[in-house]
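*Asks:* This is the structure I have questions about; it appears just below.
The values are calculated or read from the model by the stated rules, or taken from the named source; none is laboratory data. Predicted model only: the values in this text are computed from it and were never measured. Quick reminder, even Gly has a Cβ in these numbers, built from the backbone with ideal geometry, and neighbours come from all protein chains shown. For the accessible areas, the whole protein counts, side chains as well, though only heavy atoms, and no ligand, DNA or RNA atoms are used. Shrake-Rupley method; radii C 1.70, N 1.55, O 1.52, S 1.80 Å.
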Amino acid sequence: MISIKNVSKWYGDFKVLTDCTTEVQKGEVVVVCGPSGSGKSTLIKCVNGLEPFQSGDIIVDGISVGSPKTDLPKLRSRVGMVFQHFELFPHLSITDNLALAQIKVLGRKEDEAKKKGLALLDRVGLSAHAAKFPGQLSGGQQQRVAIARALAMDPIAMLFDEPTSALDPEMINEVLDVMVQLAHEGMTMMCVTHEMGFARKVANRVIFMDQGAIVEDANKDDFFGSPRSERAQTFLSKIL
Ligand code: ADP
Ligand code: MG
């Protein structure tokens with residue numbers, strides 16, 4: 001579903017990604033971890049074309065992200081992305097937050113978009129909050145709305161960038177539970193997270209990045225059982 005091939009990226013003279021290569025199969029859950037500044041956010045933003053890269057290519061469902069001919073807004077509409085900060089529209093109700101892109105980007109009719117939004121809101125356990133505004137919800141609830149909003153676009157894959165790291169501890173599990181459920185339903189997911197409990201539960205593979213490079217790309221049991229690189233071992237010993 002996602003194939004990252006020899007991707008390198010520079011910010012001016014600074015090489016932020018160095019020859020990154022990996023694949024995410026349909027239905028696979030891949031967790032990306034590594035120290036702060038190692039390039040995790042940059043790599044997943046490259047996957048849906050939010051950041052350009054200078055060499056290599058990324059193929060998403062057969063579409064080349066690096067090709068100048070690719071319609072990036074269309075690609076982005078098919079790959080859901082959930083960020084650390086929920087980025088809901090503060091002046092729109094939850095219902096309207098869920099409906100807006102469906103109407104504007106996919107051309108769905110308003111009642112169809114609202115119906116779909118409500119069904120997804122129910123799936124993340126928030127149907128009672130449809131008429132509220134984002135500011136009236138907790139951080140964990142807002143993040144679940146953000147996930148529902150991404151799902152409303154019928155994505156072929158979901159990208160998560162530290163979706164729980166801005167949340168108070170008691171709200172982390174309610175968001176992870178939604179992600180676990182998605183994983184069990186067979187969603188293709190690439191998740192930047194340091195929640196190793198989540199990784200152990202649902203990840204097929206774990207990628208460890210350091211200084212812009214993919215240092216380790218292993219199936220979950222190998223990664224947790226015996227990370228090959230010293231850098232991954234040190235990292236794990238600090239966070240586990
Ligand atoms: P991570 O998500 O692993 O913490 P990032 O992908 O956000 O890492 O950043 C990787 C590196 O790129 C960091 O050193 C960061 O300072 C740098 N960086 C990120 N965005 C920019 C930018 N717009 N311009 C210059 N450097 C950047
Ligand atoms: Mg980051």
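*Asks:* Tell me, which residue of the stretch 196-213 that is assigned to a loop (DSSP other than H, G, I, E, B) and open to solvent by 10 Å² or more (accessible area, probe 1.4 Å) is farthest from SER237 (Cα to Cα)?
*Replies:* Within the stretch 196-213, the first condition is being assigned to a loop (DSSP other than H, G, I, E, B), and the residues that meet it are 203-204, 211-212.
When the remaining residues are screened for being open to solvent by 10 Å² or more (accessible area, probe 1.4 Å), the result is 204, 211.
Details: ASN204: 21, GLN211: 18 Å.
Among residues in the stretch 196-213 that are assigned to a loop (DSSP other than H, G, I, E, B) and open to solvent by 10 Å² or more (accessible area, probe 1.4 Å), the one farthest from SER237 (Cα to Cα) is ASN204.
*Asks:* Does GLY37 satisfy the condition of being assigned to a loop (DSSP other than H, G, I, E, B) and among the small types (Gly, Ala, Ser)?
*Replies:* Against the criterion (assigned to a loop (DSSP other than H, G, I, E, B) and among the small types (Gly, Ala, Ser)), GLY37 qualifies.
*Asks:* Please name all residue pairs, on different chains or six or more residues apart, with Cβ atoms under 6 Å, provided the first residue is in the stretch 33-60 and is more than 16 Å from THR188 (Cα to Cα) and within 13 Å of ligand 2 (Cβ to nearest atom) and the second residue is part of a helix (DSSP H, G or I) and open to solvent by less than 40 Å² (accessible area, probe 1.4 Å).
*Replies:* Cβ pairs passing all conditions: GLY34/LYS40; GLU51/THR42.
*Asks:* Write out, first by first residue and then by second, each pair whose Cβ atoms fall under 7 Å of each other, whose residues are 6+ apart or on separate chains, and whose first residue, in the stretch 100-127, is under 11 Å from VAL145 (Cβ atoms) while the second is part of a helix (DSSP H, G or I) and of a type in the set (Ser, Thr, Tyr).
*Replies:* GLY117/THR95; LEU121/SER127
*Asks:* Here's a follow-up. Taking only pairs six or more apart or across chains, which ones have beta-carbon atoms under 7 Å, a first residue in the stretch 225-238 that is closer than 13 Å to CYS33 by Cα, and a second residue that is of a type in the set (Gly, Ala, Ser)?
*Replies:* Close Cβ pairs (under 7 Å, with a partner that is of a type in the set (Gly, Ala, Ser)) amount to PHE235/GLY34.
*Asks:* Taking the stretch 61-82 as the search range and keeping residues that are assigned to a strand (DSSP E or B) and away from ligand 2 (no atom under 16 Å from the Cβ), which one is nearest to LEU167 (Cα to Cα)?
*Replies:* By that ranking, first place goes to GLY80.
*Asks:* If you don't mind, another one. Does LEU43 meet the test of being assigned to a helix (DSSP H, G or I) and within 16 Å of ligand 1 (Cβ to nearest atom)?
*Replies:* Details: assigned to a helix (DSSP H, G or I): yes; within 16 Å of ligand 1 (Cβ to nearest atom): yes.
Taking the combined requirement at face value, the residue satisfies it.
*Asks:* Would you confirm whether any residue within the stretch 23-31 is within 16 Å of ligand 1 (Cβ to nearest atom), under 30 Å from ILE239 (Cβ atoms) and either open to solvent by less than 10 Å² (accessible area, probe 1.4 Å) or small (Gly, Ala, Ser) (or both)? Show your work before the answer.
*Replies:* Within the stretch 23-31, the first condition is being within 16 Å of ligand 1 (Cβ to nearest atom), and the residues that meet it are 30-31.
Filter once more, keeping what is under 30 Å from ILE239 (Cβ atoms): 30-31.
Keeping just the survivors that are either open to solvent by less than 10 Å² (accessible area, probe 1.4 Å) or small (Gly, Ala, Ser) (or both) gives 30-31.
Yes, some residue in the stretch 23-31 is within 16 Å of ligand 1 (Cβ to nearest atom), under 30 Å from ILE239 (Cβ atoms) and either open to solvent by less than 10 Å² (accessible area, probe 1.4 Å) or small (Gly, Ala, Ser) (or both).
*Asks:* In the stretch 46-64, what count of residues is obtained for those that are more than 16 Å from ligand 1 (Cβ to nearest atom) and either among the charged types (D, E, K, R) or more than 27 Å from SER229 (Cα to Cα) (or both)?
*Replies:* Number of matching residues: 7.
*Asks:* If you don't mind, there's one more thing I want to ask. Select, from LEU98, LEU137, LEU121, LEU159, the only residue that is within 16 Å of ligand 2 (Cβ to nearest atom), touching a helix residue (DSSP H, G or I) at 6+ places or on another chain (Cβ under 9 Å) and aliphatic (A, V, I, L, M).
*Replies:* Numbers: LEU98 fails: within 16 Å of ligand 2 (Cβ to nearest atom); LEU137 fails: within 16 Å of ligand 2 (Cβ to nearest atom); LEU121 fails: within 16 Å of ligand 2 (Cβ to nearest atom).
Being within 16 Å of ligand 2 (Cβ to nearest atom), touching a helix residue (DSSP H, G or I) at 6+ places or on another chain (Cβ under 9 Å) and aliphatic (A, V, I, L, M) holds for just one of LEU98, LEU137, LEU121, LEU159, which is LEU159.
*Asks:* How many residues does the stretch 1-29 contain that are within 16 Å of ligand 2 (Cβ to nearest atom) and within 15 Å of the chain's Cα centre (by Cα)?
*Replies:* So the count comes out to 0.
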